[in-house]
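Presented below is the structure to which this report refers.
What follows draws every value from the coordinates through simple rules; no lab data is involved. Every value quoted in this text rests on a predicted model; they were computed, and no experiment measured them. For neighbour counting, all protein chains shown are included, and Cβ atoms are generated from backbone atoms with ideal geometry for every residue, glycine included.
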Amino acid sequence: MTAPASIRVLPIQVASQIAAGEVVERPASVVKELLENALDAGAAQISISVSGAGRRLIEVADDGHGIPAAELPLAVERHATSKLTSAEDLFAIHSLGFRGEALASIGSVSRLTVTSCPAGEVLGARLQVEAGQVESVEPVGVPPGTVVRVEDLFYNVPARLKFLKKDVTERRQIDNLVTRYALAYPQVRVQLFQDGKAVLQTAGNGNRREILANMYSPEIARQMLAVDTIYDDFNLTGFIGPTGLTRANRREITFFVNGRSVQDSALTAALIQAYHTLLMVGRFPMAVLFVSLPAEAVDVNVHPAKAEVRFRDPGRVFADVQRAVRRSLLAHTPVPDIDAGRVWGQPAWSSDVESRPPWTYSESAGKAGAQAGPLPFHTAGPGDVPAQPELPAGRVPLLRLVGQVANSYLIAEGPDGLYLIDQHAAHERVLFERMMKQRAGEIASQALLEPETVELPVQQAGLLEDQLPLLLQLGFQVEHFGRQTYRVRALPALLAHLAPSAALRVLVEDFEEDETPLQAEEEARVIGRVCKRAAVKAGQVLSPPEQQALLRDLEACRSPRTCPHGRPTMIHLSVDLLERQFGRRGPR
Ligand code: ADP
Ligand code: MG
């Protein structure tokens, strides 16, 4: 065994780099700290410029109260803050910063320049820090406010550089962060530029829906439901997605607590719980919610990056969030009428439907669907449907078409009972397998009579750009046509009936995934999206030959039981089950 090295106090520079690691993990964390400082300074306008995904430059300029020249060297010192004086203050914090660590941390892992001029002063000052050392302070004539410039982030911590993700990912983190803060502070004018391109520009007029439109699309902004609830000293505002607008992960769920962006799994759980039974299994809601509570009800000093908080009464916050969200959701969402109980239990022609007990189509569905949740509003919804009774393994047997119900479902008879088929999901499956097969050869493409230009929001344009080669394979002919504009020359034949702009939007819809998946997966996802748009819709009348053809095509599929997104295409009611339901046979 080698002798242990003797214990030494670390050189100050090493110690501060270690401490910096907790606050400054990636470019987006620098943006967050600087943005919070600008907000704490009471800025009405904040302009952020980023280049090289934040590795080369991050600059945040504000018109806030500024820093007096004499205090400038202190601002970049560790544990130097103007926002806190005693430990008691920690329990009633009204500012975003309070640890006095951010500028010191950033300064130890970059080349930092802080230029500031307090309102009313003629002359301001500029301070330069390199690797934690103050290099110079000099007087300068600048407008009131503060400009913090961070260059060559992590230039002296190569290990940290290696942990950064691809530029697209780091850039997206910054975009997401700034957009969310802009939403949280709609009275502040926020601008974000990435490599000279404007990604976000808010008006500062307090209109949150306008910012949402920039963040997603005008269409999604229109669909988002407003939440605005007050229970005593608990206040919840913001937006939640309607049940029809979901994501495959939790990334589009954002919470602010007292103006601070936080990650809190309990708040997220409360939100998801509020959607209980209203969403498909594996789908997550979108939401941007702002919780406000008395300062003393929240402990914000839990995490160096201030990304977590602790509530004095977590149970109450959980219940309040869940209740408020559920209320807004139900106020805007008609109770879904595709629950298993009603497909057959309440035919439109029956007049005494209300008096009948709800009917469950199988024991397994009953178990999975009717969990005794804590919610007073439990309704069997589409979320319960995937728990369909087991089908015999493998493909579907030959089916005899009986007809179409509600212009949405096909009824068919098989050797072992009845099959209900969701025409949209089934068609999606059929198109998906067809397109995946064609992909090996050539996907049918249809040239537009006249090429059309389509303009996309900046973020989506960037995402589309990465996918151009794949799109070509899928039958799109799209070329970049300056800034956020693309020119479409041809579409896959399957999408030929859509407007080119709608067809392109289909592709970028779900691109906001963080990591680019494997090429093959990405391809399947894009194809899945195309098929979703191209498939017949629920509510669309199909002629008997069309119904017949859909059934035959589905039988020929390799995985006929689910749509490409994993929803069931069919529900099977076995003869055995029917007999038991009609009381011809006792329950097993
Ligand atoms: P904290 O925000 O926790 O106080 P920081 O290291 O982020 O710590 O900032 C240190 C101090 O520098 C702040 O307390 C504040 O007085 C001053 N400061 C930083 N950024 C700005 C700004 N944009 N405008 C005015 N003052 C600022
Ligand atoms: Mg700060």
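Please give me, ordered by residue number, the GluC sites (Glu not before Pro) of segment 167-260 that lie in loop per DSSP and have at most 16 other Cβ atoms within 10 Å.
Counting only loop positions with at most 16 other Cβ atoms within 10 Å, none of the GluC sites (Glu not before Pro) in segment 167-260 qualifies.
Based on the Kirkwood radius over alpha-carbon pairs, what value in µm²/s does the Stokes-Einstein equation return for the translational diffusion coefficient of segment 49-128 at 4 °C and 1.567 mPa s? Answer, rounded: 92 µm²/s.
State which entries of LYS166/LYS532; LYS437/LYS532; LYS165/LYS532; LYS165/LYS306; LYS32/LYS165 exceed 27 angstrom in Cα-Cα distance in the structure shown.
LYS166/LYS532; LYS165/LYS532
Each peptide in 263-275, 58-70 was scored by the mean count of other Cβ atoms within 10 Å over its residues; highest first, the order is 58-70, 263-275.
Think of it as helices only: each DSSP H run of n ≥ 4 in the chain is worth -39500 (n - 2.57), and spread over all residues that comes to -10000 deg cm²/dmol at 222 nm. Expressed as a fraction of 2.2 N^0.38 Å, the C-alpha radius of gyration for segment 164-275 is 1.11.
In square nanometres and to one decimal, what's the mean projected area of the convex hull around the Cα atoms of segment 1-81? Computed as one quarter of the Cα hull surface, the answer is 8.1 nm². Over the C-alpha trace of segment 235-327, radius of gyration and Dmax come out as 13.0, 38 angstrom.
Between ALA92 and GLU135, the C-beta separation translates, for a Förster distance of 51 Å, into a calculated FRET efficiency of about 0.85.
Angle of helix 314-332 to the longest C-alpha principal axis of the chain, folded into 0 to 90 degrees and rounded to 10: 50°. Scaled to the globular estimate 2.2 N^0.38 Å, the Cα spread of segment 391-477, given as radius of gyration, is 1.62. Between the helical axis of 12-23 and the longest alpha-carbon principal axis of the chain there is an angle of about 30 degrees.
With the Cα gyration tensor of segment 93-147 giving a ≥ b ≥ c as the square roots of its eigenvalues, does the rule (a/c under 1.5 for rounded; else a/b larger than b/c for prolate; else oblate) give rounded, prolate or oblate? Intermediate values should be presented prior to the final figure.
Values: a/c = 3.10, a/b = 1.16, b/c = 2.67.
Verdict is oblate for segment 93-147.
For the chain, state what percent of all Cα-Cα pairs lands in each successive 10 Å bin, counting from 0 Å until the bin that includes the largest distance. So the P(r) values, bin by bin, are 3, 14, 21, 22, 18, 12, 7, 3, 1, 0. Projecting the alpha carbon convex hull of segment 186-248 along each direction and taking the average yields 6.1 nm². No solvent, one uniform scatterer per C-alpha: report log10 I(q)/I(0) for segment 113-234 via the Debye equation at q = 0.11, 0.14, 0.16, 0.21 1/Å, two decimals. Result of the Debye calculation: -0.62, -0.90, -1.02, -1.19.
Counting other Cβ atoms within 10 Å, keep those with at most 15, restrict to DSSP loop, and tell me which trypsin sites (Lys or Arg not before Pro) in segment 12-103 are left. Of the trypsin sites (Lys or Arg not before Pro), the ones in loops of segment 12-103 whose Cβ has at most 15 other Cβ atoms within 10 Å are ARG56, LYS83.
How high is the FRET efficiency between ARG250 and GLU22 when r is their beta carbon distance and R₀ equals 30 Å, given to the nearest 0.05? Given R0 = 30 Å and the Cβ-Cβ separation, E is 0.80.
Couplings for segment 407-423, taken from phi via the Karplus curve 6.51 cos²θ - 1.76 cosθ + 1.60 with θ = phi - 60°, read 6, 9, 10, 9, 10, 9, 10, x, x, 10, x, 10, 10, 9, 10, 7, 5 Hz in order; Gly and Pro are left as x.
Every Cα-Cα pair in segment 1-138 was counted, and those over 17 Å apart are 64% of them. Sorted on the mean count of surrounding Cβ atoms within 10 Å across their residues, most packed first, peptides 107-120, 146-159 read 107-120, 146-159.
Note on segment 130-178: along the principal axes its Cα atoms extend 39, 26, 11 Å, ordered by decreasing extent. Helix 167-184 and the longest principal axis of the C-alpha atoms of the chain enclose an angle of approximately 90°.
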